[in-house]
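Note sheet for the following structure.
The values are calculated or read from the model by the stated rules, or taken from the named source; none is laboratory data. Keep in mind that this is a model prediction, so the values were computed, not measured. Note: ideal-geometry Cβ built from the backbone for every residue, glycine included; neighbour counts use all protein chains shown. Calculation scope for accessible area: heavy atoms of the full protein, side chains included, ligands and nucleic acids excluded. Shrake-Rupley method; radii C 1.70, N 1.55, O 1.52, S 1.80 Å.
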Amino acid sequence: MEVLWDNSSFSTGSLSALSADDLSRLKVYFKGLRTEYKEGSKVKFQVVGRELYPTTSFSSSAAELSVKFLPSASAFYEVKDADTEEVIIPFGTGSKISCDSNGNFFRLWMNGLQAERNYRFCVKVVSGSGSDEEINYYDDNYEFRVVR
């Protein structure tokens with residue numbers, strides 16, 4: 001039996017959005033991703049999106065460091081077993097990425113994953129609709145292990 005629910009929330013605060021043009025030139029990464037997580041813990045994963053090649057400008061802060069949010073209701077995560085490539089949590093309504101004033105995130109209970117195994121995240125971002133829909137996948141070996 002499989003049970004899914006959408007517990008995502010979207011409140012961007014003062015963050016600015018990545019434009020549709022940015023999505024094809026996007027770097028997605030996990031801020032503070034650790035190599036190991038304790039079985040039974042609930043972890044908040046921070047997902048950061050930024051332009052791969054930001055526009056050059058003169059400013060007192062680096063453009064690469066400014067956090068922008070991924071589009072609402074169109075960013076998802078997937079969890080795969082790193083060894084077998086079996087999808088444990090697929091892209092879908094149960095894997096929407098949320099947003100708060102600090103950026104995009106999702107929460108994951110580690111008790112849903114088998115201990116002493118390696119897992120990998122993949123992120124999917126959908127922009128546009130209909131014939132203009134563009135789907136981008138980001139899978140740069142965002143790997144972690146669940147330990148006892």
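Is at least one residue of region 127-134 closer than 23 Å to A17 by Cβ, surrounded by fewer than 18 Cβ atoms within 10 Å (Cβ to Cβ), of a type in the set (S, T, N, Q) and out of contact with any Ser or Thr (no Cβ under 7 Å at 6 or more places or on another chain)? Explain how you work it out, then say what you get.
Restricting attention to region 127-134, the residues satisfying the condition of being closer than 23 Å to A17 by Cβ are 127-134.
Still in the list and also surrounded by fewer than 18 Cβ atoms within 10 Å (Cβ to Cβ): 128-134.
From what's left, of a type in the set (S, T, N, Q): 129, 131.
The next check asks that each one be out of contact with any Ser or Thr (no Cβ under 7 Å at 6 or more places or on another chain); those that pass are 129, 131.
Yes, region 127-134 has at least one match.
Matching residues to (1) outside any strand (DSSP E or B); (2) in contact with a Ser or Thr (Cβ under 6 Å, 6 or more places away or on another chain); (3) of a type in the set (G, A, S):
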residue: V79; (1), (2), (3): no, no, no
residue: D83; (1), (2), (3): yes, no, no
residue: I88; (1), (2), (3): no, no, no
residue: F91; (1), (2), (3): yes, no, no
residue: G94; (1), (2), (3): yes, no, yes
residue: N104; (1), (2), (3): no, no, no
residue: N111; (1), (2), (3): yes, no, no
residue: A115; (1), (2), (3): yes, no, yes
residue: Y119; (1), (2), (3): no, no, no
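Can you run down the residue pairs with Cβ atoms below 9 Å, 6 or more apart or on separate chains, where the first is in region 81-102 and farther than 23 Å from L70 by Cα and the partner is of a type in the set (D, E, K, R) and open to solvent by 60 Å² or more (accessible area, probe 1.4 Å)?
Taking only residues 6 or more apart or on different chains, the pairs are D81/R117; A82/R117; A82/E143; A82/R145; D83/R117.
Determine whether region 37-50 contains at least one residue that is modelled with pLDDT under 80, surrounded by 13 or more Cβ atoms within 10 Å (Cβ to Cβ) and under 24 Å from G92 (Cα atoms). Step through it out loud before you land on a result.
Residues of region 37-50 that are modelled with pLDDT under 80, as a first pass: 50.
Retained after the next criterion (residues that are surrounded by 13 or more Cβ atoms within 10 Å (Cβ to Cβ)): 50.
So of that shortlist, the ones also under 24 Å from G92 (Cα atoms) come out as 50.
Taking every residue of region 37-50 in turn, at least one turns out to be modelled with pLDDT under 80, surrounded by 13 or more Cβ atoms within 10 Å (Cβ to Cβ) and under 24 Å from G92 (Cα atoms).
Which of the numbered conditions does F121 fail, given that it passes all the others? Conditions: (1) within 16 Å of V43 (Cβ to Cβ); (2) open to solvent by 70 Å² or more (accessible area, probe 1.4 Å).
Here F121 meets the rest and fails (2).
Six or more apart or on different chains, Cβ atoms under 6 Å: show the pairs whose first residue is in region 123-140 and without any contact (Cβ under 8 Å) to a residue 60 or more places away in the chain and closer than 15 Å to I97 by Cα and whose second is of a type outside the set (D, E) and loosely packed, with under 15 Cβ neighbours inside 10 Å.
Close Cβ pairs (under 6 Å, with a partner that is of a type outside the set (D, E) and loosely packed, with under 15 Cβ neighbours inside 10 Å) amount to K124/Y137; V126/I135.
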